[in-house]
Amino acid sequence: MQIMNLPGPKAKALIQRDQEVISPSYPRGYPFVMDHGKGTEVWDVDGNRFLDFAAGIAVVSTGHSHPRVVRAIQEQAEKFIHISSDFYHEKWIELGEKINQIAPFQEDAVSFMTNSGTESVEAAIKLARHYTRATEFIGFLGAFHGRTMGAVTFTASKPLYHRDFYPLMNGVVHVPFPDPYRPVLESLPGEEYGATVVRYIEEQILGHLLPPEDVAGVLVEPIQGEGGYIVPAPGFFPALRELCDRHKILLIVDEVQSGMGRTGKWWAIEHFGVEPDIVCAAKGIASGVPLGVMFARKHLVNWKRGAHGNTFGGNPLACAAALATIEVIEEEYMENATQMGDYLMSILDEMAVRHPSMGQVRGLGLMIGVEFVKDRLTKEADEKLRDVIVENAFVRGLLLLGCGRSTIRFAPPLGVTRSEIDEAMEIFESALTAAEQSLELDEASSKDRGEVQPIAA
C-alpha cells in the first residue's frame, strides 16, 4: 500500500497563499487541497487519488459532480441564476412540494428556504417562539447546531464554540443526551435509559427550573453528529414526544447531518417511530450547492409577511440541484445507503474483534461512527489514537473526519460501492494498525527514558 508524501508541492504553495488571506478560524483537519472529484473518488492538485469517506461532512450525498445534478445546475444557470425572495420562481415551488411529500409527519409541510444548516436552526428558533409565544428552549449536551449566535447557543459539543463569544442567546437549558454507551444518569430498576433522560427533563428541568408553559421547544439531533455519531437509546424519542405533547412543547429535530437518506430513510427520526413538529435540513440536500430548509407542520407557520426572510435562500441553482439530488436518492441511493451501511458495519464489527481499541461501532445506514478507547472496560477515550489514525489514513489515500472526543465518522456518498468500501477498509485497518504500533513504541520509549506517565482519570 502506497504511503504518499503529503502535501505535494502544489498543495503546499496553495496552503501558503491561503494562510495569507483566509480566516484562521476554519477547522482544517489535514492538508488536502482538492482539484476534482467523481463519485466517491477525489484528486488533489498534485494528482494524488483518495477515497472520500467524509463527503464534505455528509454533504455530497450523490457523490462528487453527479451528472444529473451537474446538468440540472447548468440548465438552470442558462435561464437565470438569482431572483430574490421578494418574487417567485418555479424550482422553489417544486422543491417545497417535494419536501411536503417526504416530510416525516402526516400534516402538510410548509418550507422556509435557507443557505445552510445554521440558518435553518435560526429559522426554527424564531418560528417556535413566534407560534408558542414562549421564550425558553431545551437542548442537549454534545449537540452541534451551527455557529451563528442562536444556533451556537444550542451547540454544546466543545467549549471552543462558545469561548470569547459570551453572552450568548438567553433561554437555553442543556440536558444529557441519551448515549447508551456512556450513560451519565442513574436509571430506575427496569427503566430504559432513553426514558431515564426524559424523566430527568420532567423532574429536574420542568420540575425545578423551567415552567413548562414558558418552553417553546426541544431542539435535538436524532443522531448526534459532531458529538460523536451517537445513536440514542431506543426509548428516548417516544418518551420525549409524549412529554412534548403533554406540555404543548414543540419537538424540533436537527436533521442537517442525518437527513436526506443518510441513514437509509429520508429522515433519521423515522427510525424512532415519532413525528416531529419542525425539521431543520441542509448539508446533503443539494449535493454540495449551499441550501438549507426549515420546514414545519402547516398550522405552525402562521407568521406574517416580512416576519422572516433572506436574500439567497431558495436560490434557483440550489433548488434545481436539490430536486435532482432528491430524485437520485429516491431512485438509486436510499436503498444503497441501507445495504452498504450494513456491509460497512459488518466489516467494522469484525475488525473490532482484532482491535480492542475500537470501543464501539455504531450508526444507521451510512452514518457510522467508531469510538476509540484506551480500555474497553473503563471506556477511557483515546483521542490521540483517533487523530493519528485519521492522519495515517490521509497519507494512504482515505479521507476521514473525527467527531466527539475520540470517534471517527464514516459518511461516504450514498452511492458508494462495495468495492470502494473494501478498498477503504483495507486502508483504514492499515492506518489503525500503524497508529497502534506507533503509540505503543512511543509509550515504551517514554518508559525507557524514565518519563512519568500521566495517571488516567
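The values are calculated or read from the model by the stated rules, or taken from the named source; none is laboratory data. As the structure is a prediction and not an experimental result, all values here were calculated from the model. All Cβ positions, even for glycine, are placed from backbone atoms using ideal geometry, and neighbour counts span all protein chains on display.
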Report summary line: If we keep only residues of the range 258-290 that are assigned to a loop (DSSP other than H, G, I, E, B) and basic (Lys, Arg), then the residue nearest to ARG409 (Cα to Cα) is ARG262
Query raised in the report: Checking ASP86 against (1) over 25 Å from the mean Cα position of the chain (by Cα); (2) in contact (Cβ under 8 Å) with a residue 60 or more places away in the chain; (3) surrounded by fewer than 18 Cβ atoms within 10 Å (Cβ to Cβ), which single condition isn't satisfied?
Result: (2)
Query raised in the report: Is it true that some residue in the range 290-299 is touching an Asp or Glu at 6+ places or on another chain (Cβ under 8 Å), small (Gly, Ala, Ser) and crowded, with 22+ Cβ neighbours inside 10 Å?
Result: yes
Query - Given (1) more than 25 Å from GLU332 (Cα to Cα); (2) without any contact (Cβ under 8 Å) to a residue 24 or more places away in the chain; (3) exposed (fewer than 13 other Cβ atoms within 10 Å of the Cβ); (4) not charged (D, E, K, R), index of the condition GLN101 fails - result: (1)
Query raised in the report: Which of the residues belonging to the range 247-264 are closer than 20 Å to PHE140 by Cα and surrounded by fewer than 24 Cβ atoms within 10 Å (Cβ to Cβ)?
Result: HIS247, LYS248, LEU251
Report task. Determine whether the range 59-71 contains at least one residue that is outside the structural domain of HIS308 (by TED's automatic domain parsing), within 24 Å of ALA286 (Cα to Cα) and touching a Phe, Trp or Tyr at 6+ places or on another chain (Cβ under 6 Å). Result -> no
Requested in this report: Test ILE93 against the stated conditions and say whether it is surrounded by fewer than 17 Cβ atoms within 10 Å (Cβ to Cβ), of a type in the set (A, V, I, L, M), more than 30 Å from LYS10 (Cβ to Cβ) and assigned by TED's automatic domain parsing to the domain that holds THR153.
Outcome: yes
Report summary line: Of the candidates TYR229, TYR181, the one satisfying the condition of being surrounded by fewer than 24 Cβ atoms within 10 Å (Cβ to Cβ), modelled with pLDDT of 95 or more and hydroxyl-bearing (Ser, Thr, Tyr) is TYR181
Report task. Exactly one condition in (1) surrounded by 20 or more Cβ atoms within 10 Å (Cβ to Cβ); (2) not in a strand (DSSP E or B) is not met by ILE368; state its number. Result -> (2)
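Among the listed residues ILE22, ILE57, ILE73, ILE93, identify the single one that is among the β-branched types (Val, Ile, Thr), at pLDDT 95 or above and over 30 Å from LEU323 (Cβ atoms). Step through it out loud before you land on a result.
Values: ILE57 fails: over 30 Å from LEU323 (Cβ atoms); ILE73 fails: over 30 Å from LEU323 (Cβ atoms); ILE93 fails: over 30 Å from LEU323 (Cβ atoms).
Just a single option satisfies the conditions, and that option is ILE22.
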Report task. Please state which of the following conditions PHE236 fails to meet, knowing it meets all the rest: (1) more than 29 Å from GLU213 (Cβ to Cβ); (2) touching a helix residue (DSSP H, G or I) at 6+ places or on another chain (Cβ under 6 Å). Result -> (1)
**Report entry** Unmet criterion (only one of (1) closer than 17 Å to GLY227 by Cα; (2) within 19 Å of the chain's Cα centre (by Cα)) for ILE138
**Finding:** (2)
Requested in this report: Residues being in contact with a strand residue (DSSP E or B) (Cβ under 6 Å, 6 or more places away or on another chain) and assigned to a loop (DSSP other than H, G, I, E, B): count how many of those fall in the range 155-183.
Outcome: 5
Query raised in the report: Could you give every pair whose Cβ atoms fall below 6 Å, whose first residue belongs to the range 21-40 and is part of a strand (DSSP E or B), and whose second residue is among the hydrophobic types (A, V, I, L, M, F, W, C), counting only separations of at least 6 or pairs across chains?
Result: MET34/VAL42; ASP35/TRP43; ASP35/VAL45; HIS36/TRP43
Report summary line: Taking the range 184-210 and keeping only residues that are free of Cβ contacts under 8 Å to residues at least 40 places away in the same chain and in a loop (DSSP other than H, G, I, E, B), one is left with VAL184, LEU185, GLU186, SER187, LEU188, PRO189, GLY190, GLU191, LEU209
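For residues that are of a type in the set (Asp, Glu) and without any contact (Cβ under 8 Å) to a residue 60 or more places away in the chain, scanning just the range 42-83, find the one that is farthest from LEU14 (Cα to Cα).
Once the filter is applied, the top-ranked residue is GLU78.
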